[in-house]
Amino acid sequence: VQLQASGGGLVQAGGSLRLSCAASGSTGSINAVGWHRQAPGKERESVAAITSGNMTKYADSVKGRFTISRDNAKNTVYLQMNSLKPEDTAVYYCNAVVTFTRLYWGQGTLVTVSS
């Protein structure tokens, strides 16, 4: 499985961005896709995840502001980010759990929120 993350950029506080994670390869074996982020000097943290059964989970810090969704026809998972805050600034990564045994990561996409 290969993952391609995109959609990052510079946005003012209160603005919105939509990140995309496009999967290719054995996409039928993907059990769940997650978004994570890593801010400078901080550890990588989980932001949101969605399972193949469309169950979703969010970090408390983004609940009510971020929405994870999937388009199976496009093999793409989205992260809609609204009401962005400067503390959301980070490199965002997507990953995929495959056959419950393997974890694949995409490259990161930088999100910068200016105050």
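The values are calculated or read from the model by the stated rules, or taken from the named source; none is laboratory data. Nothing here was measured: the structure is a model prediction, and the numbers come from that model. Note that each Cβ is placed from the backbone with ideal geometry, even for glycine, and that neighbours are counted across all protein chains shown. When the accessible area is computed, the model is the full protein with side chains, heavy atoms only, and any ligands, DNA or RNA have been set aside. Shrake-Rupley method; radii C 1.70, N 1.55, O 1.52, S 1.80 Å.
Find how much the distance from Ser114 to Gln80 grows on full extension, using 0.36 nm per residue of separation minus their present alpha carbon separation; answer in nm with one decimal.
10.5 nm
Calculate, for the stretch 1-108, the solvent-accessible area per residue in square angstrom, rolling a 1.4 angstrom probe over the heavy atoms of the protein chains.
Heavy-atom SASA per residue in the stretch 1-108 reads 54 Å².
Got a sec? Which residues in the stretch 13-39 would a label at Phe100 touch, if it sits 7 Å along Cα→Cβ and we count backbone N under 17 Å?
Within reach of a label on Phe100, which here means backbone N under 17 Å from a point 7 Å along Cα→Cβ, the stretch 13-39 contributes 28-33.
Students often forget the sequence filter, so: which lysines lie under 16 Å Cα-Cα from Lys74 once same-chain residues fewer than 8 apart are removed?
Qualifying lysines at Cα under 16 Å: none.
Whole-Hz ³J(HN,Hα) for each residue in the stretch 20-28, computed from phi via Karplus 6.51 cos²θ - 1.76 cosθ + 1.60 with θ = phi - 60°, x for glycine and proline: what do you get?
So the Karplus estimates, Gly and Pro as x, are 10, 10, 9, 9, 9, x, 7, 5, x Hz.
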